[in-house]
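Chemist: The structure under discussion is supplied below as structure tokens; questions concerning it will follow.
Throughout, read-outs are computed from the coordinates displayed, never taken from laboratory work. Keep in mind it's a predicted model, so treat the numbers as computed, not measured. We place every Cβ from the backbone using ideal geometry, glycine too, and count neighbours over all the protein chains shown.
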Amino acid sequence: MKTLRLGIIGGGLMGREMASAIGRWCALTDVGVRVELAAVCDLTEKTREWFRQIPTVRQITADSRELLANAELDAVYVAVPHHLHEALYLDVLRAGKDLLAEKPFGIDLAAARKIRDVARETRRFVRCSSELPFLPGVQRALRVIGEGKLGHLLEIRSGFWHASDLDPTKAINWKRQVKFCGAIGVMGDLGMHACHVPFRLGWRPARVYAQLQKITHERPDGKGGMAACDTWDNAMLHCDVEIPEHPNDTVPMRLETKRLAPGEMNTWFIEVLGTDGGVRFSTKEPKTVWQFRRGKEQVWERYDVGMADSAFPVVTGGIFEAGFADCFQQMLAAFAAERAGSLGGRFGCATPDEAVLSHELFAAALVSHTEKRAVEI
Ligand SMILES: NC(=O)c1ccc[n+]([C@@H]2O[C@H](COP(=O)([O-])OP(=O)(O)OC[C@H]3O[C@@H](n4cnc5c(N)ncnc54)[C@H](O)[C@@H]3O)[C@@H](O)[C@H]2O)c1
């Protein structure tokens, strides 16, 4: 079995999630690639300390240049604030390493295009993180859509909702400040998650009418004062989509990314409705896929899904339900398999072109909201 030696730059929330996904690689039975975490870089000593418990980690450093000079690394996962994406992603590519990038793949459209272009020039394998489509329920929904029995598409909805920002006493962090997170705000935080499945199915937005909301303008700074909170909280993107199979139909697609969604802790969902069938999945009901069937009677059928519906087989019982850690590991398996040329027909991680398209959509959404009109993409 081949081994992919991975380094991590940015050992915060997502860097540790990555380490944990690699730590139980034995759960996967048929990837054909073993991923080993060999090196970690983070600025803070406390974070670096956490990684010392992982026996395969041979290099721990505060300097990303040191990590990138490590000849044994094949690829690097970079999980840092958005204003650092462009510089660090380009450093990885120019050091001759492959890259598993975090969303939103640069702080803005110009950064995303630059990263995509340098990835092409350097011929490195680059993908962008978006793990939720790797949940078994979404894999099942994709199979239903792929069967092509939905008829003429009527409507597509995809979104990601959070609620913790409803609390005005929640302290500020970099994700709530334009200079670190980007002017696209919540779209940068949650948008790639909402775009990945529709874009992969070829559902590209032709134009967008955006409704953006900024409700919370300042938050506690954690030092007894208040700090400006200047990012968009909620974004509703109403798009026209031209469907490749039905070139004369323009289908409404609504992409929703919200930090102020009452009652929604971390809810990712997709719903696709057609004249003959439909499918609906939400992490709110993580082991349920709803399928619509139009016959003599109109029926929504409810199916339970378990780990057996995963893209990559696992030792976990087929009827056991999946969670965030599972889909994150499945995403890494897809990265490793695609890089090794063995993805087959399975769903793959978001590509640089898809990440750039998401930024084109978000940039158009900013114009749309300011000018109160639909904007072509
Ligand atoms: N895929 C997902 O579901 C998901 C979820 C949350 C965040 N993210 C994305 O992951 C990225 C990181 O988010 P997070 O929540 O892990 O952030 P975080 O703040 O928890 O962690 C970021 C880490 O980067 C380190 N860092 C900053 N500058 C660095 C540098 N120059 N060199 C090395 N380390 C450096 C910090 O010390 C910190 O430990 C962002 O792009 C974010 O959008 C993805």
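Chemist: Give the long-range amide H neighbours of E155: residues separated by 5 or more places, or on another chain, with amide H under 5 Å away, using H modelled in the peptide plane at 1.01 Å from N.
Modeler: L273
Chemist: Additional query: Have a look at the DSSP beta bridges in the chain and tell me what percent are antiparallel, nearest 5.
Modeler: The answer is about 65 percent antiparallel.
Chemist: What shape does the chain take by its C-alpha gyration tensor, where a ≥ b ≥ c are the square roots of the eigenvalues and a/c under 1.5 counts as rounded, a/b above b/c as prolate, and the rest as oblate?
Modeler: In terms of gyration-tensor shape, oblate.
Chemist: Where does the chain land at 222 nm, in deg cm²/dmol rounded to the nearest 500, when only DSSP H runs of n ≥ 4 count, each adding -39500 (n - 2.57), divided by all residues?
Modeler: -9000 deg cm²/dmol
Chemist: Among S64, S129, S342, which comes first, second and so on when ranked by fewest other beta-carbon atoms within 10 Å?
Modeler: Going from least to most buried by this count: S342, S64, S129.
Chemist: Hey, another quick one. Roughly how far apart, in whole Å, are the Cα centres of the range 184-262 and the range 285-335?
Modeler: So the separation of the two Cα centres works out to 25 Å.
Chemist: Under the classification rounded if a/c is under 1.5, otherwise prolate if a/b is larger than b/c and oblate if not, where does the range 2-74 fall, given a ≥ b ≥ c as square roots of the Cα gyration tensor eigenvalues?
Modeler: It is oblate, given that a/c is not under 1.5 and a/b is not larger than b/c.
Chemist: Further question: Enumerate the amide H contacts of V314 below 5 Å, restricted to partners 5 or more residues apart or on another chain; note that Pro and chain-start residues carry no placed amide H.
Modeler: For V314, the qualifying residues are T29.
Chemist: If you don't mind, another one. Determine the distance separating the Cα centre of the range 50-116 from the Cα centre of the range 157-181; give it in Å without decimals.
Modeler: 24
Chemist: Sticking with this one: What percent do you get for the relative contact order of the chain when only Cα pairs under 8 Å and 6+ apart count?
Modeler: So the answer I get is 20 percent.
Chemist: A further question follows. How far is it, in nm, from the label point at A228 to the one at A110 when both lie 7 Å from their Cα along the line to the Cβ?
Modeler: Inter-label distance under the simple model: 1.9 nm.
Chemist: Applying the Karplus parametrisation 6.51 cos²θ - 1.76 cosθ + 1.60 with θ = phi - 60° to the phi angles of the range 47-64, what ³J(HN,Hα) value in whole Hz is obtained for each residue in order, glycine and proline being reported as x?
Modeler: 5, 4, 4, 4, 6, 5, 6, 9, x, 7, 7, 9, 10, 10, 8, 9, 10, 5
Chemist: Output wanted: per-residue J couplings in Hz (rounded whole) for the range 247-258, from phi through Karplus 6.51 cos²θ - 1.76 cosθ + 1.60, θ = phi - 60°, x for Gly and Pro.
Modeler: Result, ordered by residue: x, 8, 9, 10, 9, x, 10, 10, 10, 10, 10, 9 Hz.
Chemist: At a Cα cut-off below 25 Å, give the lysines reachable from K170, other chains included and same-chain residues fewer than 8 away excluded.
Modeler: K46, K103, K179, K214, K223, K258, K284
Chemist: List the lysines whose Cα lies under 20 Å from the Cα of K149, skipping any in the same chain that are fewer than 8 positions away.
Modeler: Within reach: K296.
Chemist: Which of rounded, prolate or oblate describes the range 116-201 when judged by the alpha-carbon gyration tensor and an a/c cut-off of 1.5?
Modeler: In terms of gyration-tensor shape, oblate.
Chemist: Over the range 73-127, calculate the relative contact order: mean separation of alpha carbon pairs under 8 Å at least 6 apart, over the residue count, as a percent.
Modeler: 38
Chemist: Hey, what did the range 2-128 get for relative contact order, percent, Cα under 8 Å, at least 6 apart?
Modeler: 24
Chemist: While we're looking at this one, here's another question. Counting only residues 5 or more places away or on other chains, whose amide H sits under 5 Å from the amide H of V35 once H atoms are built in the peptide plane?
Modeler: L4
Chemist: Top mean-square fluctuation among N70, N248, N173, Gaussian network model of the chain, C-alpha springs under 10 Å?
Modeler: Checking each option, the largest mean-square fluctuation is seen for N248.
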